[in-house]
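Written below as structure tokens is the structure these notes are about.
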Amino acid sequence: MERLDFASVMAVLRRNIPDENFGNQTDFLESLFADVCSGSRSALEFDNGQVCRWINGMAKLSPVIITHYQDPKNQRALNQRIQNWLLPIMPDSAMAAQELYDLVLQAPNVSPQKKMELTEGFSFADEMDEAVFITEVLCLAMQLRFEKRDVRKKQLLSPGNLSPAVVDYIFDTDIPRPCRWFLGREQELERLHTLLVEHSKVFLQGIPGIGKSELAKAYAKQYGKEYTNIIYVNYPGDLKQAVTNLDFAEDMPGESDDSRFKRHNRFLRSLREDTLLIVDNFNVTAAQDSFLDVVLKYRCRILFTTRSRYDNHICLEVGELSPANLLKLAGKFYPEGEKKQDIVEEIVNLLHGHTFAVELAARLLANGLLKPRALLAKLQKEKAALDAEDKIGTTKDGKNRKATYYEHIHSLFSLYKLSGAKQDMLRCMTLIPASGISSRRFGAWMKQQNMNTINDLMEMGFIHPKNNREILLHPMIREVAVAELKPSVRNCWVLLDSLQEISLMHGLEFMNNKQVFHTVESIIATIRRDDIAKYLRFLENVFQYMDKYRYEPGMQAVIQELTTLLSDDSVGTTEDRACLLDCRAALEKNGKKQIELVQEAVRVLGEVRSHNAHLAANLHANLGALYHKSGRMDLAKLHMEQGVLLLEEYGLTGCHDSVIQICNYATLLADMGEPQRAYSALLKLSRTVKERNSHQCLDYGMIQQTMGSICVIRGDLTQAELHLARAMAVFEMVLEDEPVLLEQKRWEIDQAAQIGRLQNQKLLV
């Protein structure tokens, strides 16, 4: 029988709301819980993957939401929201109420008394009664004890030879919707469907900005019901990495990329032709991505959008819209153009029917920055200049074009005359991964007090909304902005510094660490290195953050960048070169080679002084850990003690790195038969962290967990239980929105407690 929980209630609501009304699941929850998600700067921010976990019963709903709706006043607000917004988007709200009624009666986790309270007098005279009932059931579901669902035991949506439902396995499977002004591609949509049915793999080809991505999104929307699953991927530069980056339910923190890839690839290979995989912006040749041959052997249908030529494959060329449709497109942004249609037609003609250029020109006119005749004169002047230079342009249909699409975009970009603040924002946005970012998160990274500047750039068409929460740059705007605004370490330092701050927390902020990593990779690929010293420090700090989560592609990218920079003897310091050796050791698989690299780092660093003491302590700690791993306990103890002594000598014991070092040192002492000494070191450390930081931070929880484990070794089970309980209380508070990590911590503490109980039983016997 189905339990009553948030996931089961959402399943009922989802069944009773048409796809076009339900939309994106994150948008839906933000609308449903609008009073929680709006207002102050501390408003709850939803993450796509997290929302998927909530809706599928893989994670407990945010305590922020649960606590909020325990207040009767807030329940009344939710009731009004359900009555005024939710019920109107349901074709038959009475059916939804009936299904919830049946769910409550059958739920094994609802007491008979509560069932009677909820269902007594079940008869709804109007939507007000329906709204009250739905609200009561939803609030009860949120407050009941959470039990994680096992997706592996779920039945497939489709039996026989159909694909399993990817929503049971992959989080964040929402497909970006086409822009609201999408038009004029009816024939291409039909042709695309025919090609996919007949050939399974299709490449949508066309110049940048012509509308390939929008056509792919429109196809997913129009033909979505013909597929069991649709998976959307914005190409990150490597197909194998794209497969690895998918967010699967069974992924665990710290799991290697190789392990993730093998499992993800195995699942994707199991999908059949009722699944559509969209790979957007696949702007490379076949030779540039060797994994393409593997992906093309998947049994599912695959749609690529690309600027490149794939003439040996099934392709559909995306050309210009008809003049009539281009005028309609211009009218979507500049309705006043109807009064000056002849001038607008000339503008469209001068832009060679390029879809994105027409959109930018229309937005320019709508913003009142130029009048139609003035814009026409500017474009005519550009054309005359190009003619005079006799440039060779693109060739299509046998016709030479002297004015390329890029030149148009450059010209239109310059006409906006962006303010300094807008230039700074757009410049930093070029460093964000092509897949996009939460607008709120980007605003926070840019240390913005409000979203005004971002919203202004969206209104201009430079920043595009991916959905109601995420934003991205059009690929053409990215290329133009990089050329015009020249993002560098100095002029983008506000962004780099924010990422560095997150990295220095070493995981105290768990949400979306992959987005940090991907941004760093994008920075390495794009940025101008005009402040080497700052840039080196940035790379060294983010590497440690990547190492914590074993994000090896990013670690490799950082090492390559550091190696290139430090190959010049005039660049960097001895500390930088010691850091590079330590980074190389972190990626090295051979234990002996790892030790040699860290030993060399210690040698290169030389004499320890205040400016390099922290690094020296880290190196000795790392060397000690490697010796511990290899079973050379005396050497492990020697180096770990040396590291701790350096931390104490230079007053560095309160920082996060030091906490990790001292906890590892204490664990070593316990392993070597000195648990009392280990406990004393941790007791001293816990007092330091409590005084300098808080007893409610993750560092304090980690110390308490280690103390509990050492008390188990000492045989002091009462004290062990006390420390483990303190640790768990910290983790439950700090990791409340990270259920996977919280579950891992709960498992670790349960294991330690179990060991203690077994030891106690042996003593009793």
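Of these, V197, V243, which one is crowded, with 18+ Cβ neighbours inside 10 Å and aliphatic (A, V, I, L, M)? Can you show your working first?
On the way: V197 fails: crowded, with 18+ Cβ neighbours inside 10 Å.
From the options V197, V243, the qualifying one is V243.
Confirm whether Y223 is in contact with a His (Cβ under 6 Å, 6 or more places away or on another chain), at pLDDT 85 or above and under 20 Å from E20 (Cβ atoms). Please lay out each step first, then the result.
Numbers: in contact with a His (Cβ under 6 Å, 6 or more places away or on another chain): yes; at pLDDT 85 or above: yes; under 20 Å from E20 (Cβ atoms): yes.
Yes: the conditions hold for Y223.
Could you check the range 653-688 and list, in sequence order, the residues that are more than 16 Å from H639 (Cα to Cα) and among the charged types (D, E, K, R)?
Residues satisfying the conditions are E674, R677, K684, R687.
When the range 271-321 is examined, which residues are found to be of a type in the set (A, V, I, L, M), part of a loop (DSSP other than H, G, I, E, B) and either within 19 Å of Y405 (Cβ to Cβ) or touching a helix residue (DSSP H, G or I) at 6+ places or on another chain (Cβ under 8 Å) (or both)? First the steps, then the outcome.
So the first thing to find is which residues in the range 271-321 are of a type in the set (A, V, I, L, M), and the list is 271, 276-279, 284, 286-287, 292, 294-296, 302-303, 314, 316, 318, 321.
In the following step, the residues that additionally are part of a loop (DSSP other than H, G, I, E, B) were identified as 271, 284, 296, 314, 318, 321.
Once the filter is applied, which keeps residues that are of a type in the set (A, V, I, L, M), part of a loop (DSSP other than H, G, I, E, B) and either within 19 Å of Y405 (Cβ to Cβ) or touching a helix residue (DSSP H, G or I) at 6+ places or on another chain (Cβ under 8 Å) (or both), the range 271-321 yields L271, I314, V318, L321.
Could you say whether any residue in the range 162-185 is without any contact (Cβ under 8 Å) to a residue 40 or more places away in the chain, assigned to a helix (DSSP H, G or I) and farther than 30 Å from Y551 by Cβ?
no
Looking at the structure I just gave you, is I89 touching a residue at least 60 places away in the same chain (Cβ under 8 Å), touching a Pro at 6+ places or on another chain (Cβ under 9 Å) and surrounded by fewer than 19 Cβ atoms within 10 Å (Cβ to Cβ)? Working first, answer last.
Values: touching a residue at least 60 places away in the same chain (Cβ under 8 Å): yes; touching a Pro at 6+ places or on another chain (Cβ under 9 Å): yes; surrounded by fewer than 19 Cβ atoms within 10 Å (Cβ to Cβ): yes.
Considered against the rule, which asks whether it is touching a residue at least 60 places away in the same chain (Cβ under 8 Å), touching a Pro at 6+ places or on another chain (Cβ under 9 Å) and surrounded by fewer than 19 Cβ atoms within 10 Å (Cβ to Cβ), I89 comes out as yes.
Scan the range 45-59 and give yes if some residue there is over 22 Å from the mean Cα position of the chain (by Cα), buried (at least 17 other Cβ atoms within 10 Å of the Cβ) and at pLDDT 85 or above, otherwise no.
Of the range 45-59, the ones over 22 Å from the mean Cα position of the chain (by Cα) are none.
No; the residues of the range 45-59 include none that is over 22 Å from the mean Cα position of the chain (by Cα), buried (at least 17 other Cβ atoms within 10 Å of the Cβ) and at pLDDT 85 or above.
Quick check on my filter: what residues within the range 595-608 are outside any helix (DSSP H, G or I) and in contact with a Phe, Trp or Tyr (Cβ under 9 Å, 6 or more places away or on another chain)? Walk me through it before giving the result.
As a first pass, look at the range 595-608 and keep what is outside any helix (DSSP H, G or I): 606-608.
Scanning the range 595-608 gives a single hit, V608.
Table: residues versus (1) in contact (Cβ under 8 Å) with a residue 40 or more places away in the chain; (2) closer than 20 Å to Y232 by Cβ; (3) touching a Ser or Thr at 6+ places or on another chain (Cβ under 8 Å).
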| position | (1), (2), (3) |
| --- | --- |
| C428 | yes, no, no |
| R440 | yes, no, no |
| A444 | yes, no, yes |
| L457 | no, no, no |
| G461 | yes, no, no |
| E479 | yes, no, no |
| E484 | yes, no, yes |
| S498 | yes, no, no |
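State which residue is farthest from the chain's Cα centre (by Cα) when the search covers only the range 100-135 and only residues that are among the acidic types (D, E) and in a helix (DSSP H, G or I).
Within the range 100-135, the subset among the acidic types (D, E) is 102, 117, 120, 126-127, 129-130.
Remaining after also requiring in a helix (DSSP H, G or I): 102, 117, 127, 129-130.
Working: D102: 37, E117: 42, E127: 39, D129: 40, E130: 37 Å.
Only one residue fits best here, namely E117.
Hey, can you tell me all the residues within the range 654-669 that are at pLDDT 90 or above and among the small types (G, A, S)?
Of everything in the range 654-669, just one residue is at pLDDT 90 or above and among the small types (G, A, S), namely A666.
So A97 passes all but one of these: (1) among the aliphatic types (A, V, I, L, M); (2) within 36 Å of the chain's Cα centre (by Cα); (3) surrounded by fewer than 16 Cβ atoms within 10 Å (Cβ to Cβ). Which condition number does it fail?
So the condition that A97 fails would be (3).
Can you find, within the range 635-653, the residue that is modelled with the lowest pLDDT among those that are surrounded by 16 or more Cβ atoms within 10 Å (Cβ to Cβ) and in a loop (DSSP other than H, G, I, E, B)?
The selected residue is T653.
Give the range 636-654 a look and list any residue that's under 12 Å from Y665 (Cα atoms) and either among the hydrophobic types (A, V, I, L, M, F, W, C) or in contact with a Gly (Cβ under 6 Å, 6 or more places away or on another chain) (or both), or say none.
From the range 636-654, those under 12 Å from Y665 (Cα atoms) are 636-645; that's our starting set.
A636, L638, H639, M640, V644, L645 - these are the residues of the range 636-654 that are under 12 Å from Y665 (Cα atoms) and either among the hydrophobic types (A, V, I, L, M, F, W, C) or in contact with a Gly (Cβ under 6 Å, 6 or more places away or on another chain) (or both).
Between a first residue in the range 128-143 that is in contact (Cβ under 8 Å) with a residue 40 or more places away in the chain and a second residue that is of a type in the set (F, W, Y) and in a helix (DSSP H, G or I), which pairs have beta carbons less than 9 Å apart while being 6 or more apart in sequence or on different chains?
V137/Y101; L138/F6; A141/F6; M142/F6
E214 fails exactly one of the following numbered conditions: (1) touching a residue at least 40 places away in the same chain (Cβ under 8 Å); (2) in contact with a Pro (Cβ under 6 Å, 6 or more places away or on another chain). What is the number of that condition?
E214 satisfies every listed condition except (1).
What are the residues in the range 554-565 that are surrounded by fewer than 18 Cβ atoms within 10 Å (Cβ to Cβ) and in contact with an Asp or Glu (Cβ under 9 Å, 6 or more places away or on another chain), if any?
L565
May I ask you to list pairs of residues, at least six apart or on different chains, whose Cβ atoms are under 7 Å apart, with the first in the range 406-421 being closer than 15 Å to N455 by Cα and the second being of a type in the set (V, I, T)?
A421/T453
What about D582, is it acidic (D, E), touching a helix residue (DSSP H, G or I) at 6+ places or on another chain (Cβ under 8 Å), at pLDDT 95 or above and not assigned by TED's automatic domain parsing to the domain that holds L246?
Against the criterion (acidic (D, E), touching a helix residue (DSSP H, G or I) at 6+ places or on another chain (Cβ under 8 Å), at pLDDT 95 or above and not assigned by TED's automatic domain parsing to the domain that holds L246), D582 qualifies.
If a residue must be in a helix (DSSP H, G or I) and within 17 Å of E736 (Cβ to Cβ), how many such residues does the range 674-698 contain?
Initial filter on the range 674-698 (in a helix (DSSP H, G or I)): 675-692, 698.
Pick out the ones that are also within 17 Å of E736 (Cβ to Cβ) and you get 698.
The qualifying residues number 1.
Given the criteria crowded, with 18+ Cβ neighbours inside 10 Å and either at pLDDT below 90 or not assigned by TED's automatic domain parsing to the domain that holds K371 (or both), does F304 qualify?
Numbers: crowded, with 18+ Cβ neighbours inside 10 Å: yes; either at pLDDT below 90 or not assigned by TED's automatic domain parsing to the domain that holds K371 (or both): yes.
Against the criterion (crowded, with 18+ Cβ neighbours inside 10 Å and either at pLDDT below 90 or not assigned by TED's automatic domain parsing to the domain that holds K371 (or both)), F304 qualifies.
The values are calculated or read from the model by the stated rules, or taken from the named source; none is laboratory data. Since the model is a prediction, treat every value here as computed from it, not as a measurement. All Cβ positions, glycine included, derive from the backbone under ideal geometry; neighbour counts span all protein chains shown.
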